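The values are calculated or read from the model by the stated rules, or taken from the named source; none is laboratory data. Just so it is clear, the structure is predicted and the values come from calculations on it, not from any experiment. Backbone-built Cβ (ideal geometry, glycine too); neighbour counts: all protein chains shown.
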Amino acid sequence: MKLAAFALDYDGTIAVDGVLDPGVRDAIAVARRQGIMALLVTGRRIVDLRRVAGDLTCFDVVVAENGAVLDFPVSGRHVVLGHYLGGPDSGHLIDAELAGYILVTYRVSGLAPSIRATTDAVVMVTRETDPYEAATLLDMCRPQPAASANIFRDIASNEAALLPGAEESQGEVRRFTLAPRLTSHVRHQTKYLDMPVSDHQAFVFTENGRRGPRAHSLKEFMGLLSAFPPERIQNHLLRHDFSRWLADVFRDHPLAGHVRDLERRAASEDARDLAADIAQSIRARYEIPAAFDESLGRS
């Protein structure tokens with residue numbers, strides 16, 4: 001028997017702004033009635049995919065989390081192919097005696113405690129503004145430095161720091177200058193504009209002290225920013241909430257700095273115009289990065 005199947009990406013292919021096109025379900029149903037299997041392949045987490053897409057039983061198989069998970073929506077079967085290193089029982093996935101692992105993360109606190117406690121690791125970090133993450137990094141230092149966790153906030157954008165423990169650090173948090181990139185950094189719209197963050201990292205719009213809608217991605221953020229009246233976003237501008245979120249969650253300090261300059265004009269300029277400028281800055285940053293770099297040069 002000849003097996004026929006087709007695979008679909010989610011963001012930017014069958015979904016717009018994270019929302020599944022209603023006509024897609026009907027088209028998939030037609031194909032499946034002809035004996036063709038429908039696969040969904042996405043980098044999103046299953047829990048996030050269910051949140052934005054709803055019922056997934058129109059697909060035979062969902063390949064999620066960058067290939068780490070296979071989900072069979074009809075039968076409910078769930079197969080984990082790759083393991084998350086942040087679970088409490090994930091320490092056994094790392095064999096410290098091999099001394100051959102390279103771990104890259106922007107949330108070191110998410111790693112299992114047994115992994116963070118490894119004494120012979122070489123740990124290098126870039127600028128960290130989140131107090132909890134900075135405290136976690138400080139706790140990983142062997143020996144403990146006399147400096148406070150603010151030492152990680154002061155790291156420049158072209159610098160990194162080597163934590164105590166490695167011989168080259170000489171027992172200190174040793175900062176060093178990074179060499180310039182040999183190739184340009186290409187940012188992809190789908191990867192950054194549509195990339196969801198967890199619920200506790202989402203931007204929460206407030207009104208008169210009450211919590212309102214949450215933006216779980218930059219695209220959702222831009223949509224809400226354009227939908228709200230000026231008085232709804234004025235206080236966020238005055239408090240520099242937008243630039244702080246971009247810096248702390250997405251670590252995009254050039255964009256955050258540009259947005260902070262816009263926020264400083266909130267007392268004298270119309271909030272709606274500033275909101276439009278912020279949204280345009282985000283689009284320029286991730287859709288046409290060269291235009292954003294030029295705008296920085298003009299500002």
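Descriptive notes on the structure:
- Qualifying position, being of a type in the set (G, A, S) and under 21 Å from D194 (Cβ atoms), among G18, G35: G18
- Leading residue by the ranking (modelled with the highest pLDDT) among those in segment 155-180 that are assigned to a loop (DSSP other than H, G, I, E, B) and under 22 Å from the mean Cα position of the chain (by Cα): I155
- Among residues that are loosely packed, with under 13 Cβ neighbours inside 10 Å and either more than 29 Å from the chain's Cα centre (by Cα) or in the same structural domain as P196 (by TED's automatic domain parsing) (or both), D26 is included.
- Output for segment 56-69, where each listed residue is hydrophobic (A, V, I, L, M, F, W, C) and more than 10 Å from L40 (Cα to Cα): A68, V69
A quick yes/no check of all residues on (1) of a type outside the set (A, V, I, L, M, F, W, C); (2) within 25 Å of A134 (Cβ to Cβ):
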| site | (1), (2) |
| --- | --- |
| L162 | no, yes |
| Y192 | yes, yes |
| Q201 | yes, yes |
| R211 | yes, no |
| F242 | no, yes |
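- Subset tally (residues that are in a loop (DSSP other than H, G, I, E, B), at pLDDT 75 or above and surrounded by 15 or more Cβ atoms within 10 Å (Cβ to Cβ)) for segment 64-123: 7
- Filtered residue count, segment 1-48, keeping only those that are over 18 Å from A68 (Cα atoms) and in a loop (DSSP other than H, G, I, E, B): 13
- Answer from A227, A179, A256 - the residue that is without any contact (Cβ under 8 Å) to a residue 24 or more places away in the chain, among the hydrophobic types (A, V, I, L, M, F, W, C) and closer than 28 Å to V122 by Cβ: A179
- Test: residue in segment 219-239 that is under 14 Å from the mean Cα position of the chain (by Cα) and at pLDDT 90 or above: yes
- Scope segment 124-154; condition surrounded by 16 or more Cβ atoms within 10 Å (Cβ to Cβ), of a type in the set (D, E) and part of a loop (DSSP other than H, G, I, E, B); matching residues: E128, D130
- Taking segment 203-221 as the range and being under 16 Å from D248 (Cα atoms), hydrophobic (A, V, I, L, M, F, W, C) and buried (at least 16 other Cβ atoms within 10 Å of the Cβ) as the test, the residues that pass are F203, A215, L218, F221.
- Members of segment 37-60 that are within 15 Å of I14 (Cβ to Cβ) and of a type in the set (A, V, I, L, M): A38, L39, L40, V41, L49, V52, A53, L56
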